[in-house]
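What follows is calculated from the coordinates using simple rules that are stated; it is not laboratory data. The structure displayed is predicted, hence computed values, not measured ones. Positions of Cβ are backbone-derived with ideal geometry, glycine not excepted, and every protein chain shown enters the neighbour counts.
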């Protein structure tokens with residue numbers, strides 16, 4: 001009998017040792033992906049710890065007593081991490097994350113939520129945000145928009161929706177609870193809609209009109225609920241910069257007879273190094289108060 005009791009106690013201790021543990025919860029949409037990166041409703045996050053197994057079917061996660069979405073795709077759950085999406089309806093402030101694996105729960109882990117943590121993803125290998133035109137074509141250095149165009153910008157971390165939907169791939173384009181604001185090249189842009197992108201988890205779409213006063217490569221920033229995003233670049237037709245032709249410094253002023261270098265989008269795809277003193281090259285001209293300027297070979301940098 002004594003041996004049987006000892007075996008039962010040893011078995012119970014073994015089960016207790018297998019309970020999952022939570023070490024950290026990281027915002028995976030943040031450019032830094034550090035523990036200090038803010039969390040908010042609807043954001044994609046990674047839970048790091050131990051004892052999570054490798055089957056999403058055996059794992060449930062709650063945040064603030066609301067069910068989170070567990071990514072059941074490849075790599076969604078491995079023994080030391082779980083990829084989740086926080087529920088949209090968990091309130092800001094302190095919340096507890098609970099991981100349950102095979103019916104055994106981890107000790108609740110405390111996190112702090114903001115109402116929003118806006119982040120603008122970058123197109124791979126570029127400074128450009130994920131902008132699309134009305135033809136659903138993403139913009140690039142060779143596919144430009146124009147001042148006055150209506151575009152879509154994709155973002156994460158815009159927080160709660162109205163109506164509230166379950167976490168996971170969005171069933172519909174539910175609008176954000178608060179309409180974000182946006183500046184394009186420092187000018188306020190009109191945002192007509194912001195909401196979930198159907199079929200995707202945690203991705204929002206913002207429809208906006210480009211101000212008519214900006215051109216070239218311009219910075220874009222989004223704000224919502226007092227939180228401001230990182231900065232991305234929107235590629236527009238037109239001039240991006242005018243600098244001194246010798247120092248390549250932007251002084252803000254030029255003088256008659258001075259050489260300047262003009263950087264712009266939409267100038268074509270062919271180089272023409274010898275053109276001086278022509279004032280038109282490949283159909284492109286530059287005028288100052290209506291007077292055409294001769295175009296010379298670009299100076300080496």
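Quick look at the values:
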{"item": "Diffusion constant of region 2-113 at 4 °C, which comes from Stokes-Einstein with the Kirkwood Cα-pair radius and 1.567 mPa s, µm²/s", "result": "88"}
{"item": "Residue order, fewest to most surrounding Cβ atoms within 10 angstrom, among 29, 258", "result": "258, 29"}
{"item": "Length gained when the stretch residue 80-residue 228 is fully extended (0.36 nm per residue, less Cα-Cα span)", "result": "50.1 nm"}
{"item": "For q = 0.12, 0.16, 0.24 Å⁻¹, Debye-computed log10 I/I(0) when each Cα of region 157-236 counts as one equal scatterer", "result": "-0.36, -0.62, -1.10"}
{"item": "Normalised convex hull volume, region 87-184, alpha-carbon set, Å³ per residue", "result": "169"}
{"item": "In nm, spacing of pseudo-spin labels at residue 24 and residue 276 (7 Å Cα→C-beta vector)", "result": "5.6"}
{"item": "Hull-based mean projected area of region 18-83, where the convex hull spans the alpha carbons, in square nanometres", "result": "4.6"}
